[in-house]
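Below is one structure; the comments refer to it alone.
The values are calculated or read from the model by the stated rules, or taken from the named source; none is laboratory data. Please read all numbers here as calculations on a predicted model, not as lab measurements. Cβ sites come from the backbone with ideal geometry, for glycine too, and all protein chains shown count toward neighbours.
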Amino acid sequence: MSSRAEPRTVAAAGGAVWRPSGDGGIETAVVHRPRYDDWSLPKGKLDPGEHGVTAAVREVREETGLVAVAGRRSTTSRYQVPEGGKRVDYWLMRATGGAFAPNDEVDELRWLPPADAAALCTHDADRAVLADLVRTDVPREPALVLVRHGKAGSSDAWEGPDEERPLTRAGREQAGQLAQVLPLFGPTRVASATPLRCRQTVAPLAERLGLDVEELVEFGEPEFGGDPQRALETAQRLLEGPGVTVVCSQGGTIPAVLAALGVHGHGVPGLHPPAAKGSVWVLGGRPGGLSADYYRDLGPDPDAP
């Protein structure tokens, strides 16, 4: 009896790279690919074991020479290729440096106003991303990244004070993944609630960035001196910037703060937003104009090779 293999999904990622223009607006980068003779946004397939946002920033760098920081997650396109279905996830990205040089994949790059870029692009999927780029109801860039601490085992099996319960091996692996991926969002501050497992979760990230881990007691759960209202007020202040602040907190505080900001689980009013251990919420704007991207984990994309 023969069995038919499940159709493979080819995972790819890319970005709408933007920079301020002289007229107070923005312009975005579109590229010409001689292999396909098309104009598109930079994108490419995920490497083995890669997360989508990592691939998106890497592909932009490889195809355009541009250094960019990741911003709001944008649209996803799906279509058929000979290998099976293909999924392309896009992020908005602000260019921070680098310079284009023609290469094997891209022989020309143009900086254009988004409307002109959309007119030049060959594919509807790229035009959908550019339409998202020019939205004015939500910001392109985040200001606050809320991290739930990594796995720390059962509190029932821990004999010491719960505030001193450390990360497990799996939790330390999650902390390592955070340290690899979150720098792509350009953090300028790293903070944590008091419990050891929270501080351990963002310590590798802070070390990689050359930053200290600041303590924010208000982001702890009530039994550790936290206060959801204080945490909400601090979150609102951090959303105003400047820069991007990463805060590691707990499963009782994060959903309450998000709900107070108007974030709902799966978009359903009244349903608290999820906050799995090691998960991340990337936030920008303010209530009524808030962007909120949930990353269940920052490990390899399940469709990566």
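Go through region 123-157 residue by residue and tally those that are under 24 Å from ALA231 (Cβ atoms) and more than 19 Å from the chain's Cα centre (by Cα).
So the answer is 3.
Taking the conditions (1) assigned to a helix (DSSP H, G or I); (2) at pLDDT 95 or above; (3) out of contact with any His (no Cβ under 6 Å at 6 or more places or on another chain) in turn, GLU214 satisfies each one other than (1). Residues that are crowded, with 18+ Cβ neighbours inside 10 Å, touching a strand residue (DSSP E or B) at 6+ places or on another chain (Cβ under 8 Å) and acidic (Asp, Glu) are absent from region 48-57. For region 258-278, the count of residues that are basic (Lys, Arg), touching a strand residue (DSSP E or B) at 6+ places or on another chain (Cβ under 8 Å) and at negative phi is nonzero.
Can you say whether THR54 is among the β-branched types (Val, Ile, Thr), modelled with pLDDT of 95 or more and closer than 16 Å to VAL88 by Cα, as far as the supplied structure shows?
Yes.
Could we say that GLY285 is modelled with pLDDT of 95 or more, of a type outside the set (S, T, N, Q) and either surrounded by fewer than 18 Cβ atoms within 10 Å (Cβ to Cβ) or part of a loop (DSSP other than H, G, I, E, B) (or both) here? The answer is no for GLY285. For region 89-126, filtered to residues that are free of Cβ contacts under 8 Å to residues at least 24 places away in the same chain and farther than 17 Å from ALA12 by Cα, the residue that is surrounded by the most Cβ atoms within 10 Å (Cβ to Cβ) is ALA118.
Taken over region 249-273, the criterion of being under 15 Å from LEU290 (Cα atoms) and touching a residue at least 40 places away in the same chain (Cβ under 8 Å) is satisfied by VAL257, LEU258. Here VAL257 clears all of (1) farther than 24 Å from GLN174 by Cα; (2) surrounded by 14 or more Cβ atoms within 10 Å (Cβ to Cβ); (3) of a type in the set (Val, Ile, Thr) except the condition numbered (1). Of the strands (runs of 3 or more DSSP E) lying entirely inside region 10-112, those containing at least 2 residues that are under 20 Å from the mean Cα position of the chain (by Cα) span 43-45, 66-81, 84-98. Taking the criterion of being in a helix (DSSP H, G or I) and surrounded by fewer than 13 Cβ atoms within 10 Å (Cβ to Cβ), the residues of region 144-175 that qualify are GLU164, ARG169.
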